[in-house]
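Chemist: This is the structure I have questions about; it appears just below.
The values are calculated or read from the model by the stated rules, or taken from the named source; none is laboratory data. In this text, all values refer to a predicted model and were calculated from it rather than measured experimentally. Neighbour counts run over all protein chains shown; Cβ positions are idealised from the backbone, glycine included. For the accessible areas, the whole protein counts, side chains as well, though only heavy atoms, and no ligand, DNA or RNA atoms are used. Shrake-Rupley method; radii C 1.70, N 1.55, O 1.52, S 1.80 Å.
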Amino acid sequence: MTTTVRSAYVEGADVAVALVTGDAVADAWATPSVLAGMSVGELAAHLARSVLQVEWYLDGPLTPDAPLVSATGYYGDLAGTTEPASELNTGVRERSAQTAAQGSAGLADAVTEAAGRLRERLPREPADRRLTVGHRGYTLLLDEYLRTRCVELAVHTEDLALSVGSDVRAPAPTTALAVDVLVGAARHRHGDREVLHALSRRERDTTDALRVL
């Protein structure tokens, strides 16, 4: 699993970095993106953070003896995902704006360099490597965190591409992992019966069970 997850993550990161650092994003930096309340630059920064944060948290403090959270729990426990003014979404916009403040050229340099270092580093990290996600306070195994980043890469590569008129999408292995995590998060949040209804009997899907983000 370690090799599969890390390979899918690196493939997705490479595609995302190429998009973030491209001329289309730089030219549209200050224009609105397809996500309400975020400019193209802020969305590019949000996508780039799925590369930058991996390195930040690998090098950051680890919460000792914290219980491990899975990728499905990481998303399954989210609250306020569909509310623009929620603490969750407000925090996403604020962090994205902070990262975008360095401008398109600064972000391009930072994410390119980080991706290069991670490409060399990830194969050397042990299977039991842990990290703590600062703004959530969660501790995850590295591979579980990379599974969450595959979700972000798959979802926001498409968002950013649509924002600049590009047909770029995340690679199939990255997208497959993202779908696996999100279906697991739906099961975590709503239970198997509700997810079964959402997949097979939509007229009985009273909770919109497959909507995780």
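Table: residues versus (1) open to solvent by 50 Å² or more (accessible area, probe 1.4 Å); (2) assigned to a helix (DSSP H, G or I); (3) in contact (Cβ under 8 Å) with a residue 40 or more places away in the chain; (4) touching a helix residue (DSSP H, G or I) at 6+ places or on another chain (Cβ under 7 Å).
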site	(1), (2), (3), (4)
L131	no, no, yes, yes
R136	yes, no, yes, no
H156	no, yes, yes, yes
L162	yes, yes, yes, no
A176	yes, yes, yes, no
L182	no, yes, yes, yes
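Chemist: Right, next: Applying the selection to region 39-63, what residues are farther than 26 Å from E144 by Cα and either among the aromatic types (F, W, Y) or surrounded by fewer than 24 Cβ atoms within 10 Å (Cβ to Cβ) (or both)?
Modeler: Across region 39-63, the qualifying residue is only S39.
Chemist: Run down A170, A178 and say which single residue is at pLDDT 95 or above, among the small types (G, A, S) and out of contact with any Gly (no Cβ under 6 Å at 6 or more places or on another chain).
Modeler: On the way: A170 fails: out of contact with any Gly (no Cβ under 6 Å at 6 or more places or on another chain).
Testing whether each residue is at pLDDT 95 or above, among the small types (G, A, S) and out of contact with any Gly (no Cβ under 6 Å at 6 or more places or on another chain) leaves just A178.
Chemist: Output the residues belonging to region 77-109 that are part of a helix (DSSP H, G or I), hydroxyl-bearing (S, T, Y) and in contact (Cβ under 8 Å) with a residue 24 or more places away in the chain.
Modeler: S96, T99, S104
Chemist: Taking R169 and the conditions (1) basic (K, R); (2) surrounded by fewer than 18 Cβ atoms within 10 Å (Cβ to Cβ); (3) part of a helix (DSSP H, G or I), which numbered condition does it fall short on, given that it satisfies the others?
Modeler: Failing condition for R169: (3).
Chemist: From the list T148, T112, pick out the single residue that is open to solvent by 60 Å² or more (accessible area, probe 1.4 Å), touching a helix residue (DSSP H, G or I) at 6+ places or on another chain (Cβ under 7 Å) and not in a strand (DSSP E or B).
Modeler: Details: T148 fails: open to solvent by 60 Å² or more (accessible area, probe 1.4 Å).
Result: T112 is the single residue among T148, T112 that is open to solvent by 60 Å² or more (accessible area, probe 1.4 Å), touching a helix residue (DSSP H, G or I) at 6+ places or on another chain (Cβ under 7 Å) and not in a strand (DSSP E or B).
Chemist: Let me ask something else. Return the residues of region 1-38 that are in a helix (DSSP H, G or I), under 14 Å from T112 (Cα atoms) and either touching a strand residue (DSSP E or B) at 6+ places or on another chain (Cβ under 9 Å) or open to solvent by less than 30 Å² (accessible area, probe 1.4 Å) (or both); say none if nothing qualifies.
Modeler: G12, A13, A16, V17, L19, V20
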